Amino acid sequence: MIDTKVNLGGLLMSTPVTTASGTFGYGTEYAGAVDYSRLGAVTVKGIRIGAWPGNPMPRHSEVPGGLVNAIGLQGTGIDHFLDVSVPWYVSCLKDFVSEPPPMIVNIWGSSIEEYAEVASRLSEYSPSGVNPIGAIECNVSCPNVKEGGHVFGHDPAVLNRLVAAVRKVCRLPLIVKLAPNVTDIRPFVQACEDGGADALSMINTIPAMVIDIEKRVPAIANRTGGLSGRGVHPAAVKLVYDAHKATGLPILAMGGVYEAKDAIEFMLAGATAVAVGTALFTNPNVVSEVHDGMVEYCSRHGFRSIAELTGALCES
């Protein structure tokens, strides 16, 4: 038997597979279509202080090798999330799995103070004495209104202050989701480590644009968006490899996971766990395929646990 358990910065996962934020709703939308027993955690879409409408339609465009989207972080806000979404997650999934996987809650805000407030409330949530939220994932690819419009994840000093502020009020494992469009990932990795992060997640979508050549207009209303899917996978593997070389923090890797091979590449490059995202839109069974394929690979290559794959790249 292959041991599938992994430890993602204090978040104990029964399997190394989770979902990518923004592709799995609030955790229940795939009930009956996905085998939740194959998931070590469920990552939900971004939560902020208040409700947010997102960007105008159209907001996505399919391209060879993936999807360009500009959803704009549409969400209900933390009050509705805690009062409605989380209780429904716990209740709904009892019909599909013996114990619902812990939630990883992706958070975002327009200021450091907003991030800290949301993280604090998520940490303190335990209406029945047990908090179904297992970890917080900080999305740092958002405009930082109080820092002159800069993106948190593009300035190591600002990123460090954000992580430290959230760490101060957060009792849950803290994962920081890094922006991929930087010249060198290492200063940002160090900023997160120095600020007290427990783990990293990468990569976020890559800035992209699609043009309707017949109308000569952008294909999405926001003009530009983020590319996800198969096309970003090699770039994601390289960034995970670079980050793993620069830190001892565990890494949640994502970007073009469509089959077990993709997940195994991430693990060998240094990831502790992997997230499936865009592939879910066309194949909800991809979660099971990735999980089972990783187990089969470990058995075939003599690994006793999936955790042994982390960083097991032969470089000589």
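The values are calculated or read from the model by the stated rules, or taken from the named source; none is laboratory data. Note that the structure is predicted; figures quoted are calculated from it, not measured. Cβ: placed from backbone, ideal geometry, glycine included. Neighbour counts: every protein chain shown.
A few points about this structure:
Listed here are the residues, each with its yes/no results for (1) part of a strand (DSSP E or B); (2) small (Gly, Ala, Ser); (3) out of contact with any strand residue (DSSP E or B) (no Cβ under 8 Å at 6 or more places or on another chain).
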site: Ser85; (1), (2), (3): no, yes, no
site: Trp88; (1), (2), (3): no, no, yes
site: Ser98; (1), (2), (3): no, yes, yes
site: Tyr115; (1), (2), (3): no, no, no
site: Ser128; (1), (2), (3): no, yes, yes
site: Glu137; (1), (2), (3): yes, no, no
site: Val158; (1), (2), (3): no, no, yes
site: Ala164; (1), (2), (3): no, yes, yes
site: Leu172; (1), (2), (3): no, no, no
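- Positions within segment 294-316 being among the small types (Gly, Ala, Ser) and either modelled with pLDDT under 95 or assigned to a loop (DSSP other than H, G, I, E, B) (or both), in sequence order: Gly302, Gly311, Ala312, Ser316
- Residues in segment 1-37 that are closer than 18 Å to Phe303 by Cβ and of a type outside the set (Val, Ile, Thr): Met1, Asp3, Lys5, Asn7, Met13, Ser14, Pro16.
Residues are listed down the side, and each one gets a yes or a no for (1) modelled with pLDDT of 95 or more; (2) of a type in the set (Gly, Ala, Ser); (3) out of contact with any Ser or Thr (no Cβ under 8 Å at 6 or more places or on another chain):
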site	(1), (2), (3)
Pro101	yes, no, no
Ile104	yes, no, no
Glu137	yes, no, no
Cys142	no, no, no
Val166	yes, no, yes
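- For Pro207, the conditions (1) without any contact (Cβ under 8 Å) to a residue 60 or more places away in the chain; (2) surrounded by fewer than 19 Cβ atoms within 10 Å (Cβ to Cβ); (3) over 27 Å from Ala116 (Cα atoms) are fulfilled apart from (3).
- Residue within segment 61-78 that is of a type in the set (Asp, Glu) and surrounded by 14 or more Cβ atoms within 10 Å (Cβ to Cβ) present: yes
- Among the residues making up segment 235-249, those that are over 16 Å from Val182 (Cα atoms) and not small (Gly, Ala, Ser) are His244, Lys245, Thr247, Leu249.
- Some residue of segment 112-124 being touching a residue at least 12 places away in the same chain (Cβ under 8 Å), surrounded by fewer than 19 Cβ atoms within 10 Å (Cβ to Cβ), hydroxyl-bearing (Ser, Thr, Tyr) and within 22 Å of Met254 (Cβ to Cβ): no
- Among the residues of segment 13-51, those that are buried (at least 23 other Cβ atoms within 10 Å of the Cβ) and among the hydrophobic types (A, V, I, L, M, F, W, C) comprise Met13, Val17, Ala20, Phe24, Leu39, Ala41, Val42, Val44, Ile47.
- Cβ-Cβ under 7 Å pairs, at least 6 apart or on other chains, segment 176-201 side surrounded by fewer than 21 Cβ atoms within 10 Å (Cβ to Cβ), far side among the aromatic types (Phe, Trp, Tyr): Val182/Phe188
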